[in-house]
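Visitor: Structure in structure tokens, see below.
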Amino acid sequence: MTNRIIIAGGGTGGHIFPAIAIANAILKREPNTEILFVGAKGKMEMEKVPQAGFKIEGLDIAGFNRSSLIKNIGLPLKLVKSFMQVKRIFKKFQPTAVIGVGGYSSFPVLRFAQSKGIASFIHESNSFAGKANIMLGKKATKIFVASDGMGKFFPAGKILVTGNPVRSVISQNNPGREEGIKFFGLDPAKKTVLSLGGSLGAKSINEALDKDLETFEQNNLQLIWQTGKPYAARGKERSAGKNNVWVGDFISRMEYAYAAADMVISRSGAMAIAELCVMKKAVIFVPFPYAAEGHQTVNAQSLVNKNAGIMIKDSEAFERLVPAVMDLSKNESKQQELIGNISKLGITNADEIIAKEILASI
């Protein structure tokens, strides 16, 4: 019998890219498997999933807005509508299993599957579980987690520690540094800093770089600056005429960006960390302060405790970020220490472990 699997979730690259990695690992094991993604209309999965070669259905759903309660008025109606859409999708696709990767579109899909007795799996990428996943975990078939100590959120017997799936294009495709530098049209003789604000951009990182952009040239450094869409025009304007700065709202070939980078500035979402561990980079983390339950700060702190990263608070980034980059660029032994410690934490085959467990359980 052919397995038909729905993978639900999204909202950010941190949910979408591991989902795609899991889908590819399932197809590698069982090429006849039919896979359908379900996401939220208007979110980046509606673009990124088809680009990766998979079909996706969109739900009319929105998450709870923490900053503006008035915007939550239509939520119950949207939730009811999304359940009706999920019901139609299930009737047509007849899934044998569903996988939730986080993001609010995963909730109605897994909840419906559980009500019908269909095998449901959760991948929780963070060290602090999201509320929807905690609710769904009680009836889930199996729960894949990135780190130890998740028994406080989920039934212990259902947990399997797998690490976080890293895109195969990153874990298995390793261009050399010169190739990476050339891809961005930069100079191989200069040290290069890669700045990642997450798939949606990071205001505090962007503003800090903007303020001190000239400092990079003064210190003979290059910058690959991923701004996110909201800051792209301003970033392009600021870097005009600067040969040592590459600016773009999104980096489609991350393997080249990692290859080019001697140092990295990054948010500390679980997937960003997983990739940076695998790629063995010296990193300055600026956690997103409004992440649910402060999980990005928890993620970054656990690396700082292992001397595998440096952390600067979002509120202090404007003053402290670029000076910290300059200090690190001049401290070769500190860079090597960070690289040595972060590389011990890299897991390259989480997607294969998850795929094997799912296929064995259905």
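Visitor: Restricting attention to region 337-362, and to residues there that are part of a loop (DSSP other than H, G, I, E, B) and out of contact with any strand residue (DSSP E or B) (no Cβ under 8 Å at 6 or more places or on another chain), which single residue is surrounded by the fewest Cβ atoms within 10 Å (Cβ to Cβ)? Before the answer, list the steps.
Guide: Initially, region 337-362 is screened for residues part of a loop (DSSP other than H, G, I, E, B), giving 344-349, 362.
Keeping just the survivors that are out of contact with any strand residue (DSSP E or B) (no Cβ under 8 Å at 6 or more places or on another chain) gives 344-349.
Values: 344: 10, 345: 19, 346: 16, 347: 18, 348: 16, 349: 15.
Taking the candidates together, the pick is 344.
Visitor: Still on this structure: Within region 278-319, how many residues turn out to be touching a Lys or Arg at 6+ places or on another chain (Cβ under 8 Å) and in contact (Cβ under 8 Å) with a residue 40 or more places away in the chain?
Guide: Of the residues in region 278-319, 6 are touching a Lys or Arg at 6+ places or on another chain (Cβ under 8 Å) and in contact (Cβ under 8 Å) with a residue 40 or more places away in the chain.
Visitor: Of the residues that sit in region 119-146 and are in contact (Cβ under 8 Å) with a residue 40 or more places away in the chain and not hydrophobic (A, V, I, L, M, F, W, C), which one is surrounded by the fewest Cβ atoms within 10 Å (Cβ to Cβ)?
Guide: Among them, the one singled out is 131.
Visitor: Tally up the residues in region 217-226 that are in a helix (DSSP H, G or I) and touching a Lys or Arg at 6+ places or on another chain (Cβ under 8 Å), please.
Guide: 1
Visitor: It is to be established whether one or more residues within region 271-288 are under 26 Å from residue 213 (Cβ atoms), of a type in the set (D, E, K, R) and in the same structural domain as residue 177 (by TED's automatic domain parsing).
Guide: Here is the first cut: in region 271-288, the residues under 26 Å from residue 213 (Cβ atoms) are 272, 275-276, 279, 281-288.
Of the ones still in play, those that are also of a type in the set (D, E, K, R) are 275, 281.
Cutting the leftovers down to in the same structural domain as residue 177 (by TED's automatic domain parsing) gives us 275, 281.
Yes, that holds for at least one residue.
Visitor: Restricting attention to region 210-220, does a residue exist that is among the β-branched types (Val, Ile, Thr) and touching a Gly at 6+ places or on another chain (Cβ under 9 Å)?
Guide: No: zero hits.
Visitor: Any idea which of (1) surrounded by 15 or more Cβ atoms within 10 Å (Cβ to Cβ); (2) under 21 Å from residue 5 (Cβ atoms) is the one residue 183 doesn't satisfy?
Guide: Unmet condition: (2).
Visitor: Has region 337-355 got any residue that is of a type in the set (Gly, Ala, Ser), farther than 22 Å from residue 173 by Cα and either at pLDDT 95 or above or in the same structural domain as residue 119 (by TED's automatic domain parsing) (or both)? Steps first, answer last, please.
Guide: Step one: of region 337-355, the residues of a type in the set (Gly, Ala, Ser) are 340, 343, 346, 350, 355.
Keeping just the survivors that are farther than 22 Å from residue 173 by Cα gives none.
Within region 337-355, not a single residue is of a type in the set (Gly, Ala, Ser), farther than 22 Å from residue 173 by Cα and either at pLDDT 95 or above or in the same structural domain as residue 119 (by TED's automatic domain parsing) (or both).
Visitor: Looking at this structure, is residue 98 more than 20 Å from residue 362 (Cα to Cα), under 23 Å from the mean Cα position of the chain (by Cα) and at pLDDT 90 or above?
Guide: no
Visitor: Turning to a different aspect of this structure: When you check residue 268 against the structure, is it more than 21 Å from residue 221 (Cβ to Cβ), touching a Pro at 6+ places or on another chain (Cβ under 8 Å) and not in a helix (DSSP H, G or I), yes or no?
Guide: In short, yes.
Condition check ((1) over 16 Å from residue 256 (Cα atoms); (2) in contact (Cβ under 8 Å) with a residue 60 or more places away in the chain; (3) buried (at least 19 other Cβ atoms within 10 Å of the Cβ); (4) out of contact with any helix residue (DSSP H, G or I) (no Cβ under 6 Å at 6 or more places or on another chain)) across all residues:
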position	(1), (2), (3), (4)
154	yes, no, yes, no
206	yes, no, yes, no
210	yes, no, no, no
226	no, no, yes, yes
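Visitor: Same structure again: Tell me, yes or no, whether region 329-336 has at least one residue that is within 24 Å of residue 128 (Cβ to Cβ) and in a helix (DSSP H, G or I). I'd like the intermediate steps shown before the answer.
Guide: Filtering region 329-336 down to residues within 24 Å of residue 128 (Cβ to Cβ) leaves none.
So far as region 329-336 goes, no, none of its residues is within 24 Å of residue 128 (Cβ to Cβ) and in a helix (DSSP H, G or I).
Visitor: Hey, can you tell me all the residues within region 286-328 that are within 17 Å of the chain's Cα centre (by Cα), of a type outside the set (Phe, Trp, Tyr) and outside any helix (DSSP H, G or I)?
Guide: 286, 287, 289, 291
Visitor: Would you point out which residue out of 42, 74, 10, 63 is of a type outside the set (D, E, K, R), touching a helix residue (DSSP H, G or I) at 6+ places or on another chain (Cβ under 8 Å) and modelled with pLDDT under 95?
Guide: Only one candidate passes the filter, namely 10.
The values are calculated or read from the model by the stated rules, or taken from the named source; none is laboratory data. The structure displayed is predicted, hence computed values, not measured ones. Note: ideal-geometry Cβ built from the backbone for every residue, glycine included; neighbour counts use all protein chains shown.
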